[in-house]
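S.K.: Below is the structure I would like to discuss, written out as structure tokens.
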Amino acid sequence: MVEIKELGEHVGESVTVRGWVEATRGHGKVSFTVVRDGTGILQGVLVKSETDDATWDAQQSLTQESLVAVTGEVREDARAPGGYELGISAIEVLSMADEYPIQPKDHGVDFLLDHRHLWLRSSLQRAGLRIRSEVQQAIHDFFYTRDFVRIDTPILTGAIGEHAGTLFQTDYFGEPAYLAQTGQLYVEAACPAFRRVYCFGPTFRAEKSKTRRHLTEFWMCEPEVAFADSNDNMRLQEEFVSYLVERALERCQEDLKVLERDTSKLEMVRPPFPRMSYTAAVDFLKGKGADVEWGRDLGAADENMLMEEHDIPLFVHDYPKQAKAFYMKENPADPRTVLCDDLLAPEGYGEIIGGSQREDDLVRLGERIREQELPEAAYAWYMDLRRYGTFPHSGFGLGLERTVAWITGRHHIREMIPFPRLMNRLYP
Ligand code: 4AD
Ligand code: MG
């Protein structure tokens, strides 16, 4: 048994490949069987005059997604997908598939999501998810080579991480618990132990919006660095994002091709990224006639308008305090604002990172928690970090699915996670 990706080493030999039938075509004199084994695609050719009836009939009876073992001689063929062809001498049907629901035609997205467990096998989905996997590995490599310690943060939490609006609450032996919206508060706690840390795992938000940018379960990577200010934080972000894009370009050429991604757009992504203050962004948007008001967070439409002028990601920094989370540090130069940034991706993909310098002053942090009417007791341990050797620190969170949607050029982030959780979708 050989894997399709190794066929180049077996030209002229007879081998057996095991895999799923993607398609069959041809009748009369010659038939073709396209087999996928997870490492590649192979076209098998059967010539009726050169084979026995049993083998011919077996080929003719194959249904899409049946599992087969095909044996034959490996031939080089530039026209074949993958560059090799198999001259079939024998077909063993290991498992005949029922009529496959996903056909090579346009299915509605609801149908495809209902069949996500099967849709995963399709070529665009394979390409997207392989790029996701590469980006995940690149995330770990980036931080590993920069001496960050990986900290796994809890999913079941007692304190609200971001804001009260989008919590999944569950019962924890009679006490309310929340699925983590972020690992940030915990990586902050690990910072004095290791200086540079990060977490990377699933996070949960009960988003009642059905947009192309929102999942209720998504993966977030959150580094946290002691002694880094907001400027250092943005520098780390631009290096990080550029590295992820570069890794995809370097190692996922085939998949990007399958997705028909215009990679020239990605090749431009290099540090430094342009920066614009929130206040300047509001002025710019007002100049364009947008309905914005200083003080409110920017919405998707505002972000898209800002990005019309940019081919590479843009930092928007120093948002108004009231628009952002309680833990962000007040800006000494303008106390109406906080030292934070959102990184906006080009081509309509919106915010891929939210980051900030953290409030390290015990009194001010307490005020912010009270202002936002968060339950103080739940943050007692977090306040301790400001009581025992408080230190300047910054960090950010990169949303994996939004980042991968941008890199792959796919419209909706639901395709960028194997089993998307959306407001109206818990299956499969
Ligand atoms: O801006 P957010 O809410 O920031 C935080 O959670 C901070 N605690 C991060 C930190 O400083 N450590 O979320 C960060 C990123 C967003 O920029 C976006 O990419 C992604 O997480 N994100 C979502 N992705 C998919 N679906 C959702 N519902 C998302 N909400 C946020
Ligand atoms: Mg944000």
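The values are calculated or read from the model by the stated rules, or taken from the named source; none is laboratory data. Because the structure is predicted, anything quoted here is derived from the model rather than measured. Backbone-built Cβ (ideal geometry, glycine too); neighbour counts: all protein chains shown. Just the protein is used for accessible areas: all its heavy atoms, side chains included, with ligands, DNA and RNA removed. Shrake-Rupley method; radii C 1.70, N 1.55, O 1.52, S 1.80 Å.
S.K.: So which of Pro176, Pro104 is in contact with a Ser or Thr (Cβ under 8 Å, 6 or more places away or on another chain), at pLDDT below 95 and open to solvent by 40 Å² or more (accessible area, probe 1.4 Å)?
M.R.: On the way: Pro104 fails: in contact with a Ser or Thr (Cβ under 8 Å, 6 or more places away or on another chain).
Checking each option against the conditions leaves just Pro176.
S.K.: Kindly establish whether Thr153 is more than 23 Å from Asp342 (Cβ to Cβ), out of contact with any Ser or Thr (no Cβ under 7 Å at 6 or more places or on another chain), β-branched (Val, Ile, Thr) and not in a helix (DSSP H, G or I). Can you show your working first?
M.R.: Details: more than 23 Å from Asp342 (Cβ to Cβ): no; out of contact with any Ser or Thr (no Cβ under 7 Å at 6 or more places or on another chain): yes; β-branched (Val, Ile, Thr): yes; not in a helix (DSSP H, G or I): yes.
When the stated conditions are applied, Thr153 does not pass them.
S.K.: Tell me which helices (runs of 4 or more DSSP H) are completely within the range 283-401 and hold 2 or more residues being in the same structural domain as Thr263 (by TED's automatic domain parsing) and surrounded by fewer than 14 Cβ atoms within 10 Å (Cβ to Cβ), or say none if there are none.
M.R.: Details: elements: 300-307, 362-371, 380-387.
Helices (runs of 4 or more DSSP H) meeting the threshold: 362-371, 380-387.
S.K.: Same structure again: Against the conditions (1) within 14 Å of ligand 1 (Cβ to nearest atom); (2) β-branched (Val, Ile, Thr); (3) under 16 Å from the mean Cα position of the chain (by Cα), where does Val245 fall short? Just the number, please.
M.R.: Of the numbered conditions (1) within 14 Å of ligand 1 (Cβ to nearest atom); (2) β-branched (Val, Ile, Thr); (3) under 16 Å from the mean Cα position of the chain (by Cα), the odd one out for Val245 is (1).
S.K.: In the range 231-241, how many are open to solvent by 10 Å² or more (accessible area, probe 1.4 Å), of a type outside the set (A, V, I, L, M, F, W, C) and either farther than 21 Å from Tyr319 by Cα or touching a residue at least 40 places away in the same chain (Cβ under 8 Å) (or both)?
M.R.: Number satisfying all stated conditions: 3.
S.K.: Can you confirm whether Val404 is more than 10 Å from ligand 1 (Cβ to nearest atom) and in contact (Cβ under 8 Å) with a residue 60 or more places away in the chain? Steps first, answer last, please.
M.R.: On the way: more than 10 Å from ligand 1 (Cβ to nearest atom): yes; in contact (Cβ under 8 Å) with a residue 60 or more places away in the chain: yes.
Against the criterion (more than 10 Å from ligand 1 (Cβ to nearest atom) and in contact (Cβ under 8 Å) with a residue 60 or more places away in the chain), Val404 qualifies.
S.K.: Filter the range 71-102 for residues that are of a type in the set (A, V, I, L, M, F, W, C) and touching an Asp or Glu at 6+ places or on another chain (Cβ under 8 Å) and give the result. It would help to see each step written out before you state the result.
M.R.: Pass one, the range 71-102, residues of a type in the set (A, V, I, L, M, F, W, C): 74, 78, 80, 86, 88, 90-91, 93-94, 96-97, 102.
Val74, Leu86, Ala97, listed by residue number.
S.K.: What about Glu188, is it within 13 Å of ligand 1 (Cβ to nearest atom), within 24 Å of Gln372 (Cβ to Cβ), in the same structural domain as Lys321 (by TED's automatic domain parsing) and not in a loop (DSSP other than H, G, I, E, B)?
M.R.: Details: within 13 Å of ligand 1 (Cβ to nearest atom): yes; within 24 Å of Gln372 (Cβ to Cβ): yes; in the same structural domain as Lys321 (by TED's automatic domain parsing): yes; not in a loop (DSSP other than H, G, I, E, B): yes.
Criteria met by Glu188.
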